[in-house]
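Any read-out appearing in this document is the output of simple, stated calculations on the displayed coordinates, not a laboratory observation. Just so it is clear, the model here is predicted, and its values are computed rather than measured. Here the Cβ is made from the backbone with ideal geometry for all residues, glycine too, and neighbour counts use every protein chain on show.
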Amino acid sequence: MRILYPTTLLCITFTLISCGSATYTPGEISRNSILDPPKQKTENEGFWQVDDSTTLYHFSQGDPDGTPVLLLHGGPAAPFSKPWPGLSEIDGYKFHYYHQRGSGESTIPFERFETNNFPQNVKALDDRLGMARLIEDVEKIRRILDTEKIILIGHSFGGFIATLYAIEFPERVQKMILIEPADMLSFPPSHGGMEQIKEWLTDEQKAEYEAYMKEYFNYRNFFKKSESELAELNSGYGKYYFQALENHFPGASSHPEEIESRTKNGGFAGHAPFFSLGRKYDHRELLHSVRAPVLVLHGKMDLFGPETGLEYVEYLPNGVYNEMENSSHFPFYEEPEEFSRLIELFLNKPKQEQ
């Protein structure tokens, strides 16, 4: 039985106008977009100005003069507020974290929509928070960092953004690390998804989870909700993931550290990218254009199985897969020393040996 992914339910619920045709097609950004960022304001320290109305909050760790590495958080729109401990011991690199647009301390463009005009509101969402904007931001950050090629580390949904960026700009990627990359290379998706955790919940937890999911996918009233209401709703998913994880792998949950490290989830930004992708696509063959070395990491105790990570590696010409025995979805917290060792080994290995 195919397990429905969030975007499956989204497309079933949405109208054909909103979700039938993709507003983003890989390749369009590198061909058509204006990608020079505005001049950065010295008084705006801690923020990157990526367009006239959008700033992205960022912070860093590591060697101040080291090779830049850009980290893309997952979610969508679920940023971290502090560096990962698993990268703290790696020398020679400067790790840059940022909050994607519409989340955390970055620009939140909408607090509430004035009308319930669905097509009009979807267009506004896509214009400010859609998939193309997320990918453009990566290229603008590369230019702000003034590096010819960028090293990318993407976690979960951030791994999918990193992959689309590498498809758009293969010549601008030096190396890429995908940690539990999202099952979004094709749609309908190949593997599991958001409802997969239900299998490992107790009957009482399942009833609560089903009520939560019903409200999460209540798109009939989507644009009646505020940014803060949606952000609170989006944040609720983690509770059920960790309940299921603890039930299935007792003692495996990284839940205290993961929750502590989170900042404000995005509300509208947690849904906007899905509007961009359309209800039928397959980008897997496009991964053949990504020539940079790619490391895919998967936690053996993650409730989402290894199939997705292995699929990325299947289509990436220089992709390698590594499974971490004692990790679930957050190996940088669950096995920080082993995570650090694997990342350092990959970053420092000469390209011809990978």
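Packing around the peptides 85-92, 229-236, taken as the average count of other Cβ atoms within 10 Å per residue, puts them in this order, highest first: 229-236, 85-92.
In terms of the Cα gyration tensor, with a ≥ b ≥ c the square roots of its eigenvalues, is region 224-329 rounded because a/c is under 1.5, prolate because a/b exceeds b/c, or oblate? Provide the component values of the computation, followed by the final result.
On the way: a/c = 2.40, a/b = 1.19, b/c = 2.01.
Here region 224-329 falls in the oblate category.
Ordering Thr42, Thr308 from the fewest to the most neighbouring beta carbons within 10 Å gives Thr42, Thr308. In this simple spin-label model, placing a label point 7 Å from the Cα along the Cα-to-Cβ direction at both Glu210 and Tyr281 gives a separation of 3.3 nm.
Taking other C-beta atoms within 10 Å as the exposure proxy, Lys140, Lys39, Lys239 rank Lys39, Lys239, Lys140 from fewest upward. Between the alpha-carbon centres of region 117-134 and region 140-166 there is a gap of 22 Å. By the gyration tensor of its Cα atoms, with a ≥ b ≥ c the square roots of the eigenvalues, what is the shape of region 19-168: rounded for a/c under 1.5, prolate for a/b over b/c, or oblate? In terms of gyration-tensor shape, prolate. With the highest mean first, a sort of the peptides 204-216, 46-58, 323-335, 66-78 on other beta-carbon atoms found within 10 angstrom per residue produces 66-78, 323-335, 46-58, 204-216. The gain in end-to-end length when the Leu310 to Arg31 segment is fully stretched comes to 97.4 nm, 0.36 nm per residue minus the alpha carbon separation.
For the chain, what are the DSSP H helices with axial Cα length of 20 Å or more and mean Kyte-Doolittle hydropathy of at least -0.5? The partial results should precede the final answer.
Details: long enough: 131-145 (22 Å, 0.07).
Sorted by number, the helices that extend far enough and score high enough are 131-145.
DSSP bridge analysis restricted to region 6-353 gives an antiparallel fraction near 30%, rounded to the nearest 5.
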